[in-house]
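To keep things clear, I will list the structure first and then write my remarks on it.
The values are calculated or read from the model by the stated rules, or taken from the named source; none is laboratory data. On a predicted model such as this, the values are computed, not experimentally measured, just so you know. Reconstructed Cβ throughout: ideal geometry from the backbone, glycine too, with neighbour counts over all protein chains shown. Only protein heavy atoms, including side chains, enter the accessible area calculation; ligands, DNA and RNA are left aside. Shrake-Rupley method; radii C 1.70, N 1.55, O 1.52, S 1.80 Å.
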Amino acid sequence: MSAQLDEMPKIRRMTLSDLDAVVAIEREVFLFPWSRGNFSDSVTAGYHCSVLDQGGHLFGYGVMTVGAEEAHLLTLSIAAGSQRKGWGERLLRHFIQIAKEQHARSMFLDVRESNHAAARLYQRIGFRQIGRRRDYYPAMGGREDSLIMELEL
Ligand SMILES: CC(C)(COP(=O)(O)OP(=O)(O)OC[C@H]1O[C@@H](n2cnc3c(N)ncnc32)[C@H](O)[C@@H]1OP(=O)(O)O)[C@@H](O)C(=O)NCCC(=O)NCCS
């Protein structure tokens, strides 16, 4: 095993120097990815941007805002080769902890109606669907609804 993979994965703040790796994962896992500018704006605006890092190798990240007692999870991704090993849940719980520390009363997110894997993760943690935004996301051959989910903190 290489030296970098001997190290325990850790969650740390995203910096601008992480963006090559973040954007590469983003393009791998999403058909309609965020741009590099979306991530750099999030970092420079001071949003809660975190990465999963194992010895300098990034394999997951998320972005959240907190204000007015509401947390909004804007994105959450685990690299394809690291999915279904519990890291998505671990990173989500990290954001929930930050939201609680920042005195948010609820966490909200949007998920594509067809993204059953993500919706299952959110439901398992306790999120419930509170609404729907019609045609919120671009999709192959048209648009797709988002499901709005809330977790009371
Ligand atoms: C959604 C995502 C973040 C989940 O992360 P992950 O590390 O793969 O998930 P975990 O291993 O923590 O899984 C936790 C639970 O989520 C659910 N889940 C995760 N992936 C699933 C899948 N492919 N199918 C069904 N359920 C799934 C399961 O309930 C799972 O628990 P289990 O393995 O005991 O059944 C990850 O798959 C991902 O990055 N997908 C692409 C990007 C994306 O869709 N992001 C969310 C945008 S809203």
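How do the strands (runs of 3 or more DSSP E) wholly within the range 57-153 filter down when requiring 3 or more residues that are away from the ligand (no atom under 13 Å from the Cβ): which remain? I'd like the intermediate steps shown before the answer.
Values: elements: 57-67, 70-78, 106-112, 128-139, 142-152.
Output list reads 57-67, 128-139, 142-152.
Which of the residues spanning the range 82-113 are open to solvent by 60 Å² or more (accessible area, probe 1.4 Å) and among the acidic types (Asp, Glu)?
Glu101, Glu113
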Checking Trp34 against (1) within 14 Å of the ligand (Cβ to nearest atom); (2) open to solvent by 10 Å² or more (accessible area, probe 1.4 Å); (3) part of a strand (DSSP E or B), which single condition isn't satisfied?
(3)
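Check whether at least one residue in the range 44-52 is β-branched (Val, Ile, Thr), in a helix (DSSP H, G or I) and modelled with pLDDT of 95 or more, and report yes or no.
The answer is yes, given that some residue of the range 44-52 is β-branched (Val, Ile, Thr), in a helix (DSSP H, G or I) and modelled with pLDDT of 95 or more.
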Considering each residue of the range 27-82, count those that are among the charged types (D, E, K, R) and under 21 Å from Glu7 (Cβ atoms), and give that number.
1
Restricting the first residue to the range 26-48 and requiring it to be closer than 21 Å to Arg143 by Cα, which pairs with a second residue that is surrounded by 14 or more Cβ atoms within 10 Å (Cβ to Cβ) and acidic (Asp, Glu) meet a Cβ separation below 7 Å and a spacing of at least six or different chains?
Pro33/Glu26; Trp34/Glu26
Return yes or no: is Asp53 away from the ligand (no atom under 11 Å from the Cβ), more than 22 Å from Ala118 (Cα to Cα) and not basic (Lys, Arg)?
no
How many residues, within the range 114-138, are in contact with a Lys or Arg (Cβ under 8 Å, 6 or more places away or on another chain) and surrounded by 12 or more Cβ atoms within 10 Å (Cβ to Cβ)?
4
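What number of residues in the range 8-22 are among the hydroxyl-bearing types (Ser, Thr, Tyr) and without any contact (Cβ under 8 Å) to a residue 12 or more places away in the chain?
Here is the first cut: in the range 8-22, the ones among the hydroxyl-bearing types (Ser, Thr, Tyr) are 15, 17.
Still in the running and without any contact (Cβ under 8 Å) to a residue 12 or more places away in the chain: 17.
Residues in the range 8-22 being among the hydroxyl-bearing types (Ser, Thr, Tyr) and without any contact (Cβ under 8 Å) to a residue 12 or more places away in the chain: 1 in total.
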